[in-house]
């Protein structure tokens, strides 16, 4: 068990999650179908309802300080939009929860995250892409899994200095893209040049299924399955 609360940051797509596009579409379609079935807006066609559902969803996420999308909050938001009709918040939450299927998690992500939490590690997110949709993806893994203060979502490239400067020293970052890790390693080294005792462990989750003839660059550890993380972490701590 770690002597202190050490941090592990995970990339989302293909590292922890699969099928996130299906979830995004499911949420939008669910909202659009509600719009059409209740008939209380100007949207009369499926396309109009879909456009409105996308607008609403973006409006909901932009208005929240939390990085984590939650079904309960979205249900409350929809109730305000559908205030002219009688709807049950509990039934909306249940319907939304049904959209978050376990098979959207990568094969052993849930088990590995659970074991890491038991061992005392503090878990977070390091991800790049649209802030709105990345927030939605975090919801797949449930509340309480990740520390709010350790969710780093960069809308641009790994060179986002503001985001990089917030990553704690001695963190471990796990990503399925070697290219992203190499760029991240370079940018972190430049940001912390000359700092004594500063270190970030980088782990490449290689899911290609192809045997690599060359090892990854120095400072990057390769694993081929997420559960191997439990084996390599102790050695990284000693290095």
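The values are calculated or read from the model by the stated rules, or taken from the named source; none is laboratory data. Computed from a predicted structure; not experimentally measured. Every residue, glycine among them, receives a Cβ derived from its backbone with ideal geometry; neighbour counts consider all protein chains shown.
Please go through region 162-188 and give me each residue that is farther than 18 Å from residue 224 by Cβ and crowded, with 18+ Cβ neighbours inside 10 Å, ordered by number.
164, 167, 171, 184, 185, 188
Within region 207-239, count every residue that is in a helix (DSSP H, G or I) and over 22 Å from the mean Cα position of the chain (by Cα).
Going through region 207-239 one residue at a time, the tally reaches 7.
If you check 7, 76, which single one turns out to be touching a strand residue (DSSP E or B) at 6+ places or on another chain (Cβ under 6 Å) and modelled with pLDDT of 75 or more?
None of the other options fit; the residue is 7.
Mind listing whichever residues of region 145-161 are closer than 19 Å to residue 123 by Cβ and either surrounded by 14 or more Cβ atoms within 10 Å (Cβ to Cβ) or not assigned by TED's automatic domain parsing to the domain that holds residue 226 (or both)? Spell out how you get there, then give the answer.
Going through region 145-161, the residues closer than 19 Å to residue 123 by Cβ turn out to be 145-154.
The answer is 145, 146, 150, 151, 152, 153, 154.
Is there a residue being in the same structural domain as residue 154 (by TED's automatic domain parsing), more than 15 Å from residue 9 (Cα to Cα) and assigned to a helix (DSSP H, G or I) anywhere in region 190-205?
Yes, region 190-205 contains a residue that is in the same structural domain as residue 154 (by TED's automatic domain parsing), more than 15 Å from residue 9 (Cα to Cα) and assigned to a helix (DSSP H, G or I).
Kindly check whether there is at least one residue in region 146-166 that is modelled with pLDDT of 85 or more and part of a loop (DSSP other than H, G, I, E, B).
yes
Here's the yes/no breakdown for (1) modelled with pLDDT of 85 or more; (2) not in a loop (DSSP other than H, G, I, E, B):
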| residue | (1), (2) |
| --- | --- |
| 51 | yes, yes |
| 54 | yes, yes |
| 58 | no, yes |
| 64 | no, no |
| 67 | no, no |
| 80 | yes, yes |
| 83 | no, no |
| 95 | no, yes |
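Checking the structure you have, find out if any residue of region 223-231 is out of contact with any helix residue (DSSP H, G or I) (no Cβ under 7 Å at 6 or more places or on another chain), in the same structural domain as residue 124 (by TED's automatic domain parsing) and touching a residue at least 40 places away in the same chain (Cβ under 8 Å). Before the answer, list the steps.
Taking region 223-231 as the starting set, the residues that turn out to be out of contact with any helix residue (DSSP H, G or I) (no Cβ under 7 Å at 6 or more places or on another chain) are 224-225, 228, 231.
Adding the requirement that they be in the same structural domain as residue 124 (by TED's automatic domain parsing) leaves 224-225, 228, 231.
Those left that are additionally touching a residue at least 40 places away in the same chain (Cβ under 8 Å): 225.
The answer is yes; a qualifying residue exists.
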